[in-house]
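Working notes for the structure below.
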Amino acid sequence: MTVGDKAAIGCMVGGCDKCDDCTKGLESYCRDTILTYNYIYHDGTRTYGGYSDWIVAEEHCGEVPGYIAHGLWCATSMCWITVYSPLKYYGLNEPGKHLGVVGLGGLGHLAVKFAKAFGVKVTVISTSPQGEGSH
Ligand SMILES: [Zn+2]
């Protein structure tokens, strides 16, 4: 990232940077994760959460893809990353792959949108009376 790039962070700003999970870029699994609010960062500064004027975070934590509008990312960053991260981690971000999404709620519809943007064939599984079918 460089100065001026769009950035957003969720409920954590980093990890210990030493454990296996951190070295694999999976800070959310770190036993010493640094939360966005009321935690002490590596440099000794305290995190004050979303109402802060500024915050220190790992450089890669806040990277916002250029194709996502800034306001949309700010409002939904935790939801987006919840589905975006596993799609990317498990290689389901490539055309020709197939994805099953259980439920078309808040996270499910975001998974469908990402998968379709990646060119992935999506099947939604639901028990709703209306049924969502295959997309
Ligand atoms: Zn760690």
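The values are calculated or read from the model by the stated rules, or taken from the named source; none is laboratory data. As the structure is a computational prediction, the values presented were derived from the model and not from experiment. Glycine gets a Cβ as well: all are built from the backbone with ideal geometry, and neighbour counts include every protein chain shown. All accessible areas refer to the heavy atoms of the entire protein, side chains included, with ligands and DNA or RNA removed. Shrake-Rupley method; radii C 1.70, N 1.55, O 1.52, S 1.80 Å.
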Simple spin-label estimate for Leu26 and Arg46 in nanometres, 7 Å along Cα-Cβ:
3.3 nm
Please list, by residue number, every one of the GluC sites (Glu not before Pro) in the range 1-62 that is coil in DSSP and has at most 11 other beta-carbon atoms within 10 Å.
Glu59
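In the neighborhood of Gly15, defined by Cβ-to-Cβ distances under 14 Å, what is the net charge if each Lys or Arg adds +1 and each Asp or Glu adds -1? Provide the component values of the computation, followed by the final result.
Details: positive: Lys18, Lys24, Arg31; negative: Asp17, Asp20, Asp21, Glu27, Asp32, Glu58, Glu59.
So the surrounding residues net to -4.
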From highest to lowest solvent-accessible area (probe 1.4 Å; ligands, DNA and RNA excluded), Ser52, Ser28 read Ser28, Ser52
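For a Förster distance of 35 Å, can you work out the FRET efficiency between the beta-carbons of Thr2 and Thr123, rounded to the nearest 0.05?
Details: r = 40 Å, r/R0 = 1.14.
Step by step, r from the Cβ atoms, then E = 0.30.
Is the range 1-63 rounded, prolate or oblate when judged by the Cα gyration tensor, a ≥ b ≥ c being the square roots of its eigenvalues, rounded requiring a/c under 1.5 and prolate requiring a/b larger than b/c?
Values: a/c = 1.96, a/b = 1.24, b/c = 1.58.
Oblate, since a/c reaches 1.5 and b/c is not below a/b.
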Per-residue accessible area for Tyr37 at 1.4 Å probe radius, Å² rounded to 10?
120 Å²
For the range 109-125, in residue order, the Karplus 3J(HN,Hα) values (coefficients 6.51, -1.76, 1.60; θ = phi - 60°; whole Hz; Gly and Pro = x) are 5, 5, 4, 5, 5, 5, 4, 5, 5, 7, x, 8, 7, 10, 10, 9, 10
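Can you order the peptides 81-88, 92-99, 110-117 by their average number of other Cβ atoms within 10 Å per residue, highest first?
Working: 81-88: 16.4, 92-99: 13.2, 110-117: 18.0.
Ranking the peptides 81-88, 92-99, 110-117 by packing returns 110-117, 81-88, 92-99.
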